[in-house]
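Just below is one structure, and these are the notes that go with it.
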Amino acid sequence: MLSTPALLLATMLFGLGLIGLLSRRNILYMLLSLEIMLNAAALAFIAGGARWGQVDGEIMFLFILTLAAAEVSVALGIVLQLSYRFRTLDADAFSEMRG
Amino acid sequence: MMNLLWLIPILPLAGFLILALHGEHLSRRLVAWVGCGSVGMSACITALVGVEFFHGLPDRASYQQTMWNWIDTSEMTVGLSWHLDALSFLMVAVITGIGFLIHLYSTEYLSDDDGYARFFAYMNLFVSAMLTLVLADNLLLLYLGWEGVGLCSYLLIGFWYHKPEYGTAAQKAFIVTRIGDTAFAVGLFIIFTQLKTLSIQQVQTLAVEAWPVGSNIAMIVAVLLLIGAVGKSAQLPLQVWLPDAMAGPTPVSALIHAATMVTAGVYLIARMHDLFALAPLVQGIVAVVGLLTLLLAASSALVQHDIKRVLAYSTMSQIGYMFLALGVGAWSAALFHFLTHSCFKALLFLAAGSVIHSLHHEQDIFRMGGLRRQLPWTFWTFLIGAAAMSGVPLITAGFYSKDWILWSVWSSPLSQQWMWVGALLGAFLTGLYSFRLIFRVFFGEVRTAAHGEPGLAMRVPLVVLAGLSLSVGFLEIPHTLGGLSLFGPYLSQVLPTMEVRPGMDDSSEAFEQIAVTCSALLGIGLAAFFFLPRVSVVDRLVGTAVGRFFVPFWQGGWGFDRLYERAFIQPWFALTRDAGEFLDRGYGVLVTGAEFCHVRLSRTQTGHIRWYAATIAVGTLMLLGLFAL
Amino acid sequence: MPMTLWLLILIPMLAAPLSWMGQQWSRHAARWIALGALSLDFLLALVLWSQGPPGSASGHGSWLVESQTSWIPRWGISLHLGLDGLSLVLILLTAFLGIIAIIASWTDIQNRVGFFHCNVLLALGGVIGVFLAIDLILFFFFWEFMLVPIYLLIAVWGHANRRYASFKFFLFTQAGSLLLLVAMITMAFLHQQATGRPSFDYADLMGLTLTREMAWWLALAFFIAFVVKLPAPPFHTWLPDTYTEAPTGVSIILAGLLAKTGAYGLLRYTVPMFPEIMSEFAPFAMGLGAAGILYGAVLACSQTDLKRLIAYSSLSHMGFILLGAFAMTELALQGVVMQLVAHGLSTGGLFLLAGALYERFQTRDMRQMGGLWKVIPRVASMALFFACASLGLPGLANFIGEFLVLFGSYSVQPIITILASIGMVMAAIYSLGMMQRTFFGQLRETRSIPDLSNVAFGTLLLMAVLQVWLGLYPRPVLATTKPVVDALIQSASLPAQASHSVPVMPSTLFTSQANTP
């Protein structure tokens, strides 16, 4: 079955993305990692759709793609603001929302 | 004419309204006209009503007039209704007549005062409330007047408000009487719950039907009304406010704290006499309270320094006589003493006021003396007043009324012999302290110079009252002395006449009268011995061990003030001084709990995005692990 | 006719944004719009009063005026308004005190005038809605609706400690409301179980038969929800802070009207809906009332802050309402209604005067005042009048209220009533203490201070005249609310006959009672 390796790949990608998200301090790289995680999820949907022969998987992929695009556009806007205000892209430097 | 009755209490009220709302803009002359005029017109209408009352009405029973229904529910109907009978007419006549004289006197006495309009406004309100009290047809309206006079008393005691101690005296008067009023109110609740009516006439008839003599309910109600009366009339144990109440201007003391308001308790008990007759034990208490108060007050009056305090204690003492008379069932005698007392005590206060006025507000009798020559008018009128109060036989009104009371105490089936002995001792003390005043103030060497006799407006009331103090006694002359009985039959329409214990005849009455006369004259004579030039006698007496104990004890009114200070006032202040909201602390626990959680939980919100991401990842893994298991 | 009920609510609500906008033209525009709207409301209520023959309606289910429009039928919710004597009297009071509050704020409020009056009008619209709504959801809507503007009024225009006070007020009333909401939804649910359709309508829920246990819990929720608002101890601790920190006009609204909504709730919902439970509960509730009277009075005696003293005295007066509402006799309930009106007038007057003093001295601390009679005799004499009203001087309206309550309660609970009467002595202590410390004694102030303006003096005089009028001729209020009171007693007495002992009277008394004029 093709789905198993695809799912494995998706898991690996998700893991890589997560590690990247947790280990990188630069906020741009964290966004990149986030994209990887999203795409891993999307890959899992494709694999699932192929496994069950259903179109739903591809629909969800399109959704995720759109979502990712939307998210990136908002996120990049925030990143721009952050770099403009704090003169840095280090995520650990921002803790304005601490309780 | 009778239908003008409603105007009697309303006219002074109108005077009050004019003065209260517009008094500041009126000239002093006009204020005096409004103030005196409203009461004077009331007095005139009283006279008109009186003419018809005595001639027009068959058997002079009573006359009712309703203005409107005050409270009108299906359970309770109480009208703003007036009830005129012999008893209330007597009170109305005294209040308007003496009230008018005192108003007239005040126009001169207070002529330099800033609060001229305010004074007359309060005085008019007082007269109105007092008339409401005595004309009320039901107990609730009576209570309105009762509280109204209390308020005016408060306002007038504290009339010179810039002195904090006067304010304290005013508050004391109001609060102490309010304690009595509250008991009175509870009495009203019981009466209404039991009898479903508050009309005085109906309450009396229904109570007689419904409650057997000596039943608990009658006792409780009578005791509660008695507490109310005791508060208002400054009798034991609520007497402490009256001496301090002398802080008010002297006309106020004359009108409120001598002639009218303080006798409201006497009026109440006389009004509700059927109820008290149902509770013989309570009636006995009335007598004992009266007797104790009269001795307490008479002994305290002996040692006071302030002329007005002497008179205040003497008022308590004389009202004690009235209570004693009520207690032994001599209703008419009590009212007769009320009548004579309001004449001679008003006279004494006004004359004392005239002394104080001439001495620039000096009230200490030890700084007075020899005023006999400087103030002849004042001296003679004061002398007549004092003679009437001590009961100088035959010529003064006080003799006839006091003699009637003592004879009643002697002969009543309700009294005991020791009561009579106590009352006799009181008569002796009365003579002593009255003439102590005379000798201290008007005889001896001059200590403070007086600046002339008062003017006409003050002199006329003095002379009129002096005339009354000599003459009203002739309304009731005991038959050992000729026998002319007008007052007793007049009141017998309303109040039952006292039965005499068997075995009392003219000779015992004559003996009793001689005893009374002797004790009064002995008191006066002893006063002459003590307080005329040879002052050293008194000083030596005061210096002995007994004197050193009794003089301060009596000066403090038998230590009641200090007792109440310890027992009630200090605990009360301790209670209210740091009375925090202890209930609020319960909610404080909630607040502390919320804050505790807040501090702990807010630490997890670091603001670091990678910390959030990591916790999300770990949390997801843990959840997945949970599902996998 | 039915539309007039909506008009009563909508006039202030629609005038609210208008007066906010009016600020753009001038400061006074906002004030005049608010004043005009409330006067219109008052006139409308007066018209209703003059038209409604007070004796005709016989209580619950038969209203003087009623208006019903379906709203969310599947849940049994409708826009149902009803007017009877009780609500009519309270609406008149609302409009009147609203006008007083606006006049009191005329010089007091100087910033964000438009927004202030917008909030006042919204709050008053909500209060009127509460007095009219007889659908529980609609009632709850208005109940919540009035809170937010009041919260803003305290939080924005209050005195120094306003944040604390406004939070406390909001949290307490919200907690009470939550209980109310839960109980209401439970009742609608039980109605569905019983009849197959949910209903929030007053008349429907009145007829609901409940199990004993369920009725207990619901009654408790309804009781607490309204008692928090009244308030009575131990739920009263928001009151002193809130009344003290609010600006003058809002204090008048809080004490004069918001407290009344609690009393109204008790009379309209708690007592008639759960008569059996309430007759068992009555001794406790009356005890709570007496405790409130004494506790409030003791604390009032210990205050040095003028407004706080008035706040605690207000707590003390509210105790009479609790006492009377649960005594369930005609006299007591008539007294409660009278006390509602009288307390609104007397406390309103006192707050107005406290505001006038604050405006002149920038302090509420009575230790810094004294001897002011000489300087500002108008303020002082009016204060004397309202202090007398507050201590229950006969001839004024408070006396009628308190005494009718006490007369009515004595036959039910003598001991508690006697305890409550002791409050009369304490009322004298704190009222006269206030006069003494503020207006009598040595004068401290030497600079000249303006006395009351003619408008303020006239307003106070009007309130004083009303006090005297109702004190000597309370019939207008008593007659208007008599049908409501009768119906309340009927609803309470039918099921409670067994447990309620009537004092046994000798038969002669009943015959003589008939002869009473």
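The values are calculated or read from the model by the stated rules, or taken from the named source; none is laboratory data. Quick caveat, the model's predicted, so the values are computed rather than measured. FYI the Cβ positions are ideal-geometry reconstructions off the backbone, even for glycines, and counts take in every protein chain you see. Ligands, DNA and RNA are excluded from the accessible area calculation, which covers all protein heavy atoms including side chains. Shrake-Rupley method; radii C 1.70, N 1.55, O 1.52, S 1.80 Å.
How big is the dipole moment of the protein assembly as shown about its Cα centre under a simple scheme where the beta carbon of each Lys and Arg is +1, that of each Asp and Glu is -1, and everything else is neutral? Debye, nearest 20, please.
Working: 62 positive and 64 negative charges, 578 e Å.
Result for the protein assembly as shown is approximately 2780 debye, rounded to the nearest 20.
With 19 Å as the limit, write out which pairs from C:Lys168/C:Lys229; B:Lys345/B:Lys402; B:Lys172/B:Lys402; B:Lys196/C:Lys260; B:Lys172/B:Lys232 have Cα-Cα distances beyond it, or answer none. Write out the running numbers ahead of the final one.
Details: C:Lys168/C:Lys229 13 Å; B:Lys345/B:Lys402 14 Å; B:Lys172/B:Lys402 31 Å; B:Lys196/C:Lys260 30 Å; B:Lys172/B:Lys232 12 Å.
Over 19 Å apart, Cα to Cα: B:Lys172/B:Lys402; B:Lys196/C:Lys260.
For labels at B:Asp112 and C:Leu46 in the simple 7 Å Cα→Cβ model, what's the distance in nm?
That separation, rounded to one decimal, is 5.1 nm.
What does the convex hull of the Cα atoms of the protein assembly as shown come to per residue, in Å³, rounded to a whole number?
Details: hull volume 286.7 nm³, N = 1245.
It comes to 230 Å³ per residue, whole-number rounded.
Select from chain C the helices, each a whole stretch of DSSP H, whose alpha-carbon atoms run 27 Å or more along the helix axis and whose Kyte-Doolittle mean is at least 0.5; answer none if there are none.
Values: long enough: C:2-22 (30 Å, 1.55); C:27-51 (37 Å, 0.96); C:85-108 (35 Å, 2.06); C:113-132 (29 Å, 2.04); C:162-195 (48 Å, 0.77); C:275-301 (38 Å, 1.24); C:306-327 (32 Å, 1.13); C:330-361 (46 Å, 0.98); C:414-438 (37 Å, 1.30); C:475-496 (31 Å, 0.57).
Helices meeting the span and hydropathy rule in chain C are C:2-22, C:27-51, C:85-108, C:113-132, C:162-195, C:275-301, C:306-327, C:330-361, C:414-438, C:475-496.
To the nearest 20 debye, what is the magnitude of the charge dipole of region C:281-493 about its Cα centre, counting +1 on the Cβ of each Lys and Arg and -1 on the Cβ of each Asp and Glu? Please list the in-between numbers first.
Working: 12 positive and 8 negative charges, 115 e Å.
Roughly 560 debye, rounded to the nearest 20.
Obtain the radius of gyration and the Kirkwood radius of region B:451-552 from its C-alpha atoms and give Rg over Rh. All intermediate terms of the calculation are to be shown ahead of the outcome.
Working: Rg = 21.2 Å, Rh = 18.6 Å.
Looking at region B:451-552, the ratio lands at 1.13.
Once R0 is set to 60 Å, what does the formula 1/(1 + (r/R0)^6) return for the Cβ-Cβ distance between B:His162 and C:Trp6, expressed as a FRET efficiency to the nearest 0.05? Show your work: numbers first, answer last.
Values: r = 57 Å, r/R0 = 0.94.
Approximately 0.60, to the nearest 0.05.
With no solvent and one point per C-alpha, what does the Debye sum give as log10 I(q)/I(0) for chain A at q = 0.20, 0.23, 0.24 Å⁻¹?
For chain A, the Cα-only Debye profile gives -0.97, -1.13, -1.18.
Quickly estimate the mean residue ellipticity at 222 nm for chain A, helices only: each DSSP H run with n ≥ 4 gives -39500 (n - 2.57), and the total goes over all residues, rounded to 500.
Taking each H run of at least 4 residues, the total per residue is -28000 deg cm²/dmol.
Once label points are set 7 Å from the Cα along Cα→Cβ at both C:Thr186 and B:Val463, what is their separation, rounded to one decimal in nm?
8.5
Which residues does the label zone of C:His159 cover in region C:346-363, counting backbone N under 15 Å from a point 7 Å along Cα→Cβ?
Within reach of a label on C:His159, which here means backbone N under 15 Å from a point 7 Å along Cα→Cβ, region C:346-363 contributes C:350-363.
Tell me the Kirkwood hydrodynamic radius of region B:331-448 in angstroms, computed as one over the mean inverse distance between distinct C-alpha pairs.
Numbers: mean 1/r = 0.0658 Å⁻¹.
Evaluated over region B:331-448, this radius sits at 15.2 Å.
As an exercise, identify the trypsin sites (Lys or Arg not before Pro) in region C:400-449 lying in DSSP coil whose Cβ has no more than 14 other Cβ atoms within 10 Å. Show your work: numbers first, answer last.
Numbers: sites: C:Arg437, C:Arg444, C:Arg447; in loops: C:Arg444, C:Arg447.
Passing sites in region C:400-449 are C:Arg444, C:Arg447.
Can you give the helix-only mean residue ellipticity at 222 nm for chain C, where every DSSP H stretch with n ≥ 4 adds -39500 (n - 2.57) and the sum goes over all residues, rounded to the nearest 500 deg cm²/dmol? Each step should come with its number before you reach the end.
Details: 21 runs with 373 residues, N = 517.
It comes out at -24500 deg cm²/dmol, rounded to the nearest 500.
Let me spell out the model: positive unit charges on the Cβ of Lys and Arg, negative unit charges on the Cβ of Asp and Glu, origin at the Cα centre of region B:563-628. What dipole size does that give, in debye rounded to 20?
Around 340 debye, computed over region B:563-628.
Calculate how steeply helix B:28-55 sits against the longest principal axis of the alpha-carbon atoms of chain B, using the helix alpha-carbon long axis, and give the answer as 0 to 90 degrees to the nearest 10.
60
With axes computed from alpha carbons, what is the tilt in degrees of helix B:200-210 against the longest principal axis of chain B, rounded to the nearest 10 within 0 to 90?
80
Given R₀ = 51 Å, FRET efficiency for A:Glu35-C:Asn111 by Cβ-Cβ distance, to 0.05?
Details: r = 51 Å, r/R0 = 1.01.
Between A:Glu35 and C:Asn111 the formula returns 0.50.
If Lys and Arg each add +1 and Asp and Glu each add -1, what is the summed charge of the other residues whose beta carbon sits under 15 Å from the beta carbon of B:Leu475? Show your work: numbers first, answer last.
On the way: positive: B:Lys402; negative: B:Asp403, B:Glu476.
My count for the surroundings of B:Leu475 gives -1.
If exposed means no more than 11 neighbouring beta carbons inside 10 Å and the site is in a DSSP loop, what's the longest run of chain B without any exposed trypsin sites (Lys or Arg not before Pro)? Mind showing how you got there, number by number?
Values: sites that count: B:Arg534, B:Arg603.
Looking at chain B, B:1-533 is the longest stretch - no exposed trypsin sites (Lys or Arg not before Pro) with at most 11 other Cβ atoms within 10 Å.
Could you provide, to the nearest whole Å², the per residue accessible area of chain B with probe 1.4 Å?
That works out to 37 Å² per residue.
Tally Lys and Arg at +1 and Asp and Glu at -1 over the other residues with C-beta under 13 Å from the C-beta of C:Ile422: what net charge comes out? Can you show the working numbers first?
Details: positive: B:Arg178; negative: B:Asp181, C:Glu402.
Once positives and negatives cancel, what remains is -1.
Farthest toward the dipole's positive end in the protein assembly as shown, which of B:Gly158, C:Ile376, C:Phe403, given Cβ charges of +1 (Lys, Arg) and -1 (Asp, Glu) about the Cα centre?
So the residue we want is C:Ile376.
Averaged over its residues, how many other protein chain Cβ atoms are within 10 Å of peptide B:183-190's Cβ atoms?
On the way: counts 3, 0, 10, 8, 0, 4, 11, 4.
The per-residue average across the peptide is 5.
Over region B:290-558, what per residue volume does the convex hull of the Cα atoms give, in whole Å³? Intermediate values should be presented prior to the final figure.
Values: hull volume 32.0 nm³, N = 269.
Per-residue hull volume (Cα only) is 119 Å³.
Taking the radius of gyration and the Kirkwood hydrodynamic radius from Cα positions alone, what is the Rg/Rh ratio for chain B, to two decimal places? Let's see the in-between values first.
Details: Rg = 30.2 Å, Rh = 26.3 Å.
For chain B, the value is 1.15.
Relative contact order for chain B using alpha-carbon pairs under 8 Å, separation at least 6, rounded to a whole percent?
Numbers: 1033 pairs, mean separation 74.0, N = 629.
Here the relative contact order equals 12 percent.
Cut-off 13 Å, label point 7 angstrom out along Cα-to-Cβ of C:Ser448: give me the residues of region C:365-381 whose amide nitrogen falls inside.
C:375-376
Could you please state how large a percent of the accessible area of the protein assembly as shown is carbon and sulfur, counting protein chains only and using a 1.4 Å probe? It would help to have the intermediate numbers written out before the result.
Numbers: 32060 of 46930 Å².
Here carbon and sulfur together make up 68 percent of the probe-accessible area.
Got the relative contact order for region B:290-558 handy, in percent, Cα pairs under 8 Å and 6 or more residues apart? It would help to have the intermediate numbers written out before the result.
Numbers: 453 pairs, mean separation 74.1, N = 269.
Reported relative contact order: 28 percent.
Starting from the 7 Å offset along Cα-to-Cβ, what nm value, one decimal, do you get for the label separation of A:Arg98 and B:Gln64?
So the two model labels end up 8.7 nm from each other.
For chain C, what is the Kirkwood estimate of the hydrodynamic radius, computed as the reciprocal of the mean inverse distance between distinct Cα atoms, to one decimal in Å?
Numbers: mean 1/r = 0.0433 Å⁻¹.
By the Kirkwood definition, the hydrodynamic radius is 23.1 Å.
What net charge do the residues around B:Val441 carry, taking every other residue with its C-beta under 14 Å from that of B:Val441, with Lys and Arg at +1 and Asp and Glu at -1?
Details: positive: B:Lys308, B:Arg309, B:Arg367, B:Arg372, B:Arg373, B:Arg436, B:Arg440, B:Arg447; negative: B:Asp306, B:Glu362, B:Asp364, B:Glu445.
Computed value for this residue: +4.
Using all C-alpha to C-alpha distances in region C:281-493, build P(r) with 5 Å bins and read off the rounded percent in each one.
1, 8, 16, 19, 18, 14, 10, 7, 4, 2, 1, 0, 0
Determine the shielding of peptide C:385-394 by partner chains: average, over its residues, the number of Cβ atoms on other chains within 10 angstrom of each Cβ.
Numbers: counts 1, 0, 0, 5, 0, 0, 4, 3, 5, 15.
Across the residues of C:385-394, the mean count of other-chain Cβ atoms within 10 Å is 3.
Note down the relative contact order for region C:281-493 as a percent, whole number, built from C-alpha pairs under 8 angstrom at least six residues apart. Present the calculation step by step, with values, prior to reporting the outcome.
Details: 339 pairs, mean separation 62.7, N = 213.
About 29 percent, as a whole number.
Compute the long axis of helix A:56-86 from its Cα atoms, compare it with the longest principal axis of the Cα atoms of chain A, and write down the angle in degrees, 0 to 90, nearest 10.
Roughly 10 degrees, rounded to the nearest 10.
Give the residue from C:Thr173, C:Leu86, C:Ala30 lying farthest towards the positive end of the charge dipole for chain C; charges sit on Cβ (+1 for Lys and Arg, -1 for Asp and Glu) and the dipole is referred to the Cα centre.
In chain C, that residue is C:Ala30.
Just how far, in whole angstrom, is region B:380-440 from region C:359-427 if you go by their alpha carbon centroids?
For region C:359-427 versus region B:380-440, the Cα centre distance is 42 Å.
Calculate log10 I(q)/I(0) of region B:563-628 for q = 0.13 Å⁻¹, where I(q) comes from the Debye formula with a single equal point scatterer on each Cα and nothing for solvent.
Debye output, listed in q order: -0.67.
Which of B:Thr604, B:Ala346, B:Ala173 sits farthest toward the positive end of the charge dipole of chain B, with +1 on the Cβ of Lys and Arg and -1 on the Cβ of Asp and Glu?
Farthest towards the positive end: B:Thr604.
Amide H neighbours of C:Leu372 under 5 Å, at least 5 residues apart or on other chains, H built in the peptide plane: list them.
C:Phe439, C:Phe440
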